[in-house]
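Notes for the one structure printed next.
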Amino acid sequence: MMWLYLHFPCLQLDSIAEDAPTEAIVIVEQTHNTIVQLNDKAKQLGVRLGMGMATAASLVNNLQVLPYDSELSRQRLTKIAHHLYIVSADIALMDEQGLVLRIDTMLKLYNDVGCYWQQIERDLTSLNLTVYFATGYTPYAAQVLAQQQVNVISDNRAELKEHLNRQRVTSLGLSEKQKAALQRIGVLQVGQLVSLSLADLAKRFDITLVNYIGRLTGQLVHSLTFFIPHENFTAQCELAHEIDQVTFLNQPVAHLLGKLAHFLITRNQVCSELYFIFTLRDQSEIKLNVISAEPLSKAQEWQNLVDIKLATLTLSSPVIVIKLFVTNTQAAVSQNQDFLKMKRGNVNALISMMIAKLGQERVCMPIPTADHRPENANRLVCISDLSMRKLQFEKGESLRPSILLPTPLQLRQPMKILQGPERVEAGWWDDRVIIRDYFIAHNQQGQCYWLFRDQRKRWFEHGLFC
Amino acid sequence: MMYAELVCQSNFSFLTGASHPEELVSQANSLGYHSLALTDECSVAGVVKAFQHIKENKLAIKLIVGSFFKLDSGAQFVLLCPNRLAYAELCRVISNARKRAKKGQYQLALWDLKSIKHCLILWLPKGSLEDDENAKWLVKYHKTRLWLAIKRHLKAGETRYITHCQQLSEQFKIPIVACSHVLMHHRERFPLLHAITAIRIRKSIDEAGFALASNAEASLRSLSKLTQLYPNSWIEQSIAIATLCQFDLAQLRYEYPQELVPQGLSAITYLRQLVTKGIAVRFPNGLSDAIKKTIEKELTLIEELEYEYFFLTIHDIVMFAKDSGILYQGRGSAANSIVCYCLEITSVDPRQISVLFERFISRERNEPPDIDVDFEHHRREEVIQYIYQKYGRERAALAATVITYRLKSAIRDIGKSLGICQTQLEFFIKRINRRNQDVPWQTQVVQLGLAGESAKGRQFLQLVEQILGFPRHLSQHVGGFVISSGPLYELVPVENAAMAERTIIQWDKTDLESLGLLKVDILALGMLSAIRKCFQLIKCNHQRTLNIADITALDDDEKVYSMMQQADTVGVFQIESRAQMSMLPRLKPACYYDLVIQIAIVRPGPIQGNMVHPFLLRRAKEQAVSYPSEAVKSILERTLGVPIFQEQVIKIAMVAAGFSGGEADQLRRAMAAWNKTGELYKFKTKLLQGMQTRGYNTAFAEQLYNQIRGFGEYGFPESHSASFAVLAYVSAWLKYYYPVEFYTSLLNSLPMGFYSASQLVQDAQQHQVCVLPVCVNASVFDHCVVKVNERACIRLGFRQVKGVQHDAIEQLLAVRPLKGFTSIAEVKRRVQSQPLCHQLASSGAFACLSDNRFDSRWQMMNQEHHLPLFEPLSEDQHHTMIPSSFDNMLEDYASLGLSLDHHPIRLLDDAGLLPRFTRASHLNQHENRSLITVLGLVVGKQSPGTASGVTFITLEDDTGNVNTIVWSATAKAQQQTYLTSKVLLVKGMVEKANGVAHVIAGKLVDLSDKLQGVNVTSRSFR
């Protein structure tokens, strides 16, 4: 077997460094406050990988420091894998900064390693990332060489072995304790290490080291989990007859939705968003996306929403092809059959219909906010930002009116105070300061109002109680 | 209308109250309050500060002592102290509640209150159905001492709550009292209150939600406002309660343990007996009249101020140490007391220094004496246990230390509360230079990128400034013990410390001083351990019994002082630092008192007060000595007319400016705090006028005032320096006459002192002391003295090997054959601890069995289990890696922190990897101002605050140390090399004077890459 390892040491930095090429930027790992990524400018000024932030900051006056985001790195790596999947089949993610690609199976398509690498290199160039690379006869061997920036592409076993043997033991993916223990027996280079028999190593070190060395040298199998791009659903319907009226689109759409339902149900998956592309006779396309507030799988449930969306379509020309695709699916979670909770499901269906009718960005929901200021006690959150299950509301103890006026009105009528004052002073931290004394009062008609008096002793109506 | 606020929490309710106790009493006084009860949560930690502030500023307000509690059930109470008995009761309740829980927390249930007989109880109902049950219970047990406290914070639902409370009051006949449950002295602290709430619940202010107070009503409010909020009857009730509370902290009397005095004798009689016995020991040739008179004066004052038991208690402790063979020495102001000398508490002969008893005790000071006693650091725990055993944990506890917000922690916590990114906060923290007095921290933070003009930036700066100095938690004092005759918890609450088996009181040493309570400082000093060990080794190897007194009784030894004058003082107490070593050849101490001056003069005080140079000139007879009067001469003659010690300044103030003893003591305090408070300025006029009135000219008076200012807080008391000089001389004497035993003892007493084991061993070798390596067959745990061919050598002990445990070594020694191990396999078979075998192998301890430590370790690491019968058949192959000299050196440093055979610089030089350079041993051969290249391992970096940005870098080569001076401009221009080098080459210029040579650095070159693998840690000093 033969492998290519791609090492991306600056995944996070590469995405921001373009905007500020003249500034020294470092990414800091927050547990130990050490530098894990740095740009060239920082390197020029003496900052090094592994350096403490204090030392780095002492060296560079205007050092830009950002916290390391491992999740971001992982996401970027997945995207790269996705990108390369077009040209190379077996790809595995190894740690947060590297991909290993199996070459030998691809040589059927590419003449030799050189041609294969040319293709990969071309694809990588378009991504504009810092990358180091190397080939090896095992994934770990390729990884070590790439991480040490050897940048060798070769299928010559002897040459690759020579490169590997020259590397220091500190470059291996062993724990610091294991590396120190190897140094204590004079093993400083990989060549010295691999010259020791696995059996002898097994008598002295724990199994993780033995496994690592075995995999490094190919004596032990290194099984990897290969990257599988997310399975998408795509279906297309070429219409036997052109359709020039929207109402007649329901049937072919229903057919596509049926296929979708079959796809989802057989995989026990659901989805929240569909994309339609209607190709017209004049070769123009109409794109339509349909969003559901809760993930669905059944054709009929989607049909209801699609119908609403279709009602908004205007056809400039008859439709000849309908394509449906879904890019984001998730595992289905069994729905709660509790009778009392069924109402919730109705709400979701309603919200889905509103989204379908009005568009996602125009459907918002008020949620309570823990804030003493009445204006901040609720806020509207767009439905797409909301995960219904994650909300936790902190309940305040104060009595609040059922209706809060959007803008307080100056007091217009005589009132009799029932309760108060409740003094609210807040907002110094976000520049929305209020200092008010609130009262509950009723007018001559017996209606209960929520009043306040501000610092200038002016009276306002702010709400009504039921 | 008068009002007393009876529920008030200061910032000693950690992260709850937003004002200092002093601020609360000041503000309450300004508002015209009758009284203020300081009721921190399950604590009286803040009351002494409030008490002291009222006393010092003569405020009219009365302080009531109390505490606020939340029971497990959620019910809330305040207990107030009307009298001494109630106070003892309160302390007991707090102590019990604290002891049940881990540090910083407490646990209290309703039944705990059942035993209350004297405290007044203010109950704050919850406003729920539970209140009925609580009311019934409270009325049943505490009807006559119970009130219902209602606070009005203008919150929603308050009307309903008040109605509910009124119903409770009517139903159960509990009178109502008004309170504000104060958390801040002024509403301007409202943002800070929010910030500390957010910090407490570990959220940002944005996320804190309803946990934040909805308004600023929890502050001290004006009387007119209070009368609008509460009915008069409720307000009057507060006065009624306050009137009942007559307990004053000044009533607290310290009662010493009584059992120390034999039956039939009074405390003073017994003390006099002990002093008489001590005189015979300390003054075998009799007393001069002056000393007799001083002793009598001291004893009279001790009796008058009732301090006999204090001295007896300390005498008892030091006698225990003496009987147990634990070295100790009293120091500090106690060295001014001849009685202490006679009681063998201190070792400073009063004939050798100018004692000032008033510095120790005086009527005007009205403060208890403060005696610090240093014990051997390895055996201090025995003394602590003796105290606990003798007096019991009920009667002995450590004083607290209040850990407060400093700049770093303030930036971190306030920043987090405002939602500022943690990485940015860490960036500020790492870059701020706190010692830069020219640029305030606020300006530095803005320069580092904080948007100072933005709202958030302004809030950040303001809140950080406000929270600085706020208490965060209580910790245990290093060794300050409070011992009483009765249970301590009746005097002050006791709570758990973080350390197991340790309890602390809730007051720190300032509080104890304010109340006149006595504390004994049981401190640790590494040099005492080293000296005692040295005495033991000398007895063992030379059959000579020595103690400190024996050595100090000998005449000043010229040879010893000559060694000091050449700055050959590595390992010598107090005079081994770079700065001291630079001063020794200039000052050339030749007698004990010179040493006292030497120790005191190399400190920021004399340096900033411009006393050093004049003193040296006069000592070298390059400047004439003159005195403005005989009185001043008698004070300054010993230091050639230059005030060096704090006592001299005080004496001059008394003699030349007419200060009384008490005023002089206030001056001393102002000197100690002047950087923080600027109080010294108040004394300027009195000093100058006083001196002028007594005929001293203005120039002399001004000069003295400026010297005092420069002194500031860094002046050394003479008595302190004198105590240290005793140990300095003894350690120097031992180094000179018994170097092998001396270095062995130092090594066995690490960590201590200025130097690492590596540096001590190198110094030993440079003094032709033979040092033998760690050996599996010859070493024991400690380093020891052995004879090899009639020559005394140091055999390094197993303790030098990193990671080695004492128990594992004990096991090794138990199985080691009398003639030693004969093979690696035998070691492996007999010694159970695998990690120990690996560690010893790497350290070269198996050199007697194998010359390849890599192979030794390789053999040791084989975990395959062999039965002895088949062992020869299953030997595996030997390791092929053979260590070079360089490898051995690296392994030595990795395992032992030192190398006997191979210094890194020597190896690099032998390998031709270094450019030409001058070694430390040849430095003095260069002319002053000549160009030079030196290099070495960076083993020390010092940037003293007095040195205007200069850094002193110590470079170690294989022949010794070179001190280089790096000006700040040089450092800045070559910042990377300056900051990160572990092996540094310096091209510069020699500066030589009085036999001391330095190198002024010009070009810095980093050679660290030549030495990968050696872990050299540079010690950084301020």
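The values are calculated or read from the model by the stated rules, or taken from the named source; none is laboratory data. On a predicted model such as this, the values are computed, not experimentally measured, just so you know. Backbone-built Cβ (ideal geometry, glycine too); neighbour counts: all protein chains shown. For the accessible areas, the whole protein counts, side chains as well, though only heavy atoms, and no ligand, DNA or RNA atoms are used. Shrake-Rupley method; radii C 1.70, N 1.55, O 1.52, S 1.80 Å.
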Query - Antiparallel %, DSSP beta bridges [both residues in chain A], to 5 - result: 95
Report summary line: Taking a ≥ b ≥ c as the square roots of the Cα gyration tensor eigenvalues, with a/c under 1.5 meaning rounded and otherwise prolate when a/b beats b/c or oblate if not, the protein assembly as shown comes out oblate
Report summary line: Inter-chain shielding metric for A:193-206, i.e. average beta-carbon neighbours from other chains within 10 angstrom, reads 3
Report task. Determine ³J(HN,Hα), in whole Hz, for all residues of the range B:12-17 in sequence, where each value follows from phi through the Karplus function 6.51 cos²θ - 1.76 cosθ + 1.60 and θ = phi - 60°; x replaces Gly and Pro. Result -> 7, 8, 4, 6, 10, x
Query raised in the report: How much of the DSSP beta bridge set in the protein assembly as shown is antiparallel, as a percent to the nearest 5?
Result: 75
Query raised in the report: With axes computed from alpha carbons, what is the tilt in degrees of helix B:885-896 against the longest principal axis of chain B, rounded to the nearest 10 within 0 to 90?
Result: 30
**Report entry** Point-charge dipole on Cβ atoms (K/R +1, D/E -1) for the protein assembly as shown, about Cα centre, debye to 20
**Finding:** 2200
Report summary line: Pseudo-spin-label distance A:GLN330 to B:TRP137, built 7 Å along Cα→Cβ, given in nm, is 4.8
Query raised in the report: Could you give the angle, 0 to 90 degrees to the nearest 10, between helix B:578-587's Cα long axis and the longest principal axis of the Cα atoms of chain B?
Result: 70
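Looking only at other chains, what is the average number of their beta-carbon atoms within 10 angstrom of each beta-carbon in A:179-190? Write out the running numbers ahead of the final one.
Numbers: counts 0, 2, 4, 0, 7, 12, 15, 15, 4, 4, 0, 0.
Mean number of neighbouring Cβ atoms from other chains: 5.
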Report summary line: Residues from the range B:211-233 losing no less than 20 square angstrom of accessible surface in the full protein assembly compared with the chain alone, 1.4 angstrom probe, ligands and nucleic acids excluded, are B:LEU212, B:SER214, B:ASN215
Query raised in the report: the range B:202-222 to the range A:202-253: how many Å between their Cα centroids?
Result: 52
Query - For the range A:160-319: relative contact order, % (alpha-carbon pairs under 8 angstrom, 6 or more apart) - result: 18
Query raised in the report: If you take every DSSP beta bridge whose two residues both sit in chain B, what share of them, in percent to the nearest 5, is antiparallel?
Result: 65
Report summary line: Residue by residue through the range A:429-437, the couplings from Karplus 6.51 cos²θ - 1.76 cosθ + 1.60 with θ = phi - 60°, in Hz, x for Gly and Pro, are 8, 10, 6, 10, 7, 9, 9, 9, 10
**Report entry** Carbon and sulfur %, accessible surface of the range A:90-130 computed with the full protein complex present, 1.4 Å
**Finding:** 46
**Report entry** the range B:951-1003 versus the range A:76-109: alpha-carbon centroid distance in Å
**Finding:** 53
Report summary line: Residues whose built amide H sits under 5 Å from the amide H of B:SER485, excluding neighbours closer than 5 in sequence, are B:GLU255, B:TYR256
Report summary line: Rounded to the nearest 10 degrees, the helix B:407-417 long axis (Cα) sits at an angle to the longest Cα principal axis of chain B of 50
Query raised in the report: Can you list the residues of the range B:154-190 whose accessible area drops by at least 40 Å² going from the chain on its own to the full set of protein chains, with a 1.4 Å probe?
Result: B:LEU154, B:ALA156, B:THR159
Query raised in the report: Rounded to the nearest 20 Debye, what is the dipole magnitude of the range A:220-366 about its Cα centre when Lys and Arg each give +1 and Asp and Glu each give -1 at the C-beta?
Result: 400
**Report entry** Efficiency of FRET between B:ARG829 and B:LYS787 - r from beta-carbon atoms, R0 22 angstrom, step 0.05
**Finding:** 0.10
Query raised in the report: Can you give the accessible area of B:LYS1003 in Å² (nearest 10), computed on protein heavy atoms with a 1.4 Å probe?
Result: 110
Query raised in the report: Which value in nm describes the separation of the simple spin-label points at B:LYS972 and A:ASP282, placed 7 Å from the Cα toward the beta carbon?
Result: 7.1
**Report entry** Peptide-level mean, for B:853-859, of C-beta atoms on other protein chains within 10 Å
**Finding:** 4
**Report entry** Pairwise label distance in nanometres, A:SER316 with B:GLN692, each label 7 Å out on the Cα-Cβ vector
**Finding:** 9.9
Query raised in the report: Among A:ASN250, A:ILE228, A:ILE291, which residue has its Cα positioned farthest towards the positive end of the charge dipole of the range A:194-312, with +1 placed on the Cβ of Lys and Arg, -1 on the Cβ of Asp and Glu, and the dipole taken about the Cα centre?
Result: A:ILE228
Query raised in the report: Counting only the heavy atoms of the protein chains, how much of B:LYS143 is accessible to a 1.4 Å probe, in Å² to the nearest 10?
Result: 100
Requested in this report: Run the 1.4 Å probe and let me know the accessible area of B:LYS588, rounded to the nearest 10 Å².
Outcome: 100
**Report entry** Exposed GluC sites (Glu not before Pro) absent: longest stretch of chain B, with sites in DSSP loops and at most 14 other Cβ within 10 Å deemed exposed
**Finding:** B:1-254
Query raised in the report: Which percent of the accessible heavy-atom area of the range B:798-864 goes to carbon and sulfur, probe 1.4 angstrom?
Result: 47
Report task. Just the number, please: buried accessible area between A and B, total of both chains, 1.4 angstrom probe, nearest 100 square angstrom. Result -> 4500
Query - Average accessible surface area per residue within the protein assembly as shown, 1.4 Å rolling probe, Å² - result: 45
Query raised in the report: In whole percent, how big is the carbon plus sulfur part of the accessible area of the range B:202-338, probe 1.4 Å, protein atoms only?
Result: 50
Report summary line: Taking alpha-carbon centroids only, the range B:749-794 lies from the range A:267-339 a number of Å equal to 83
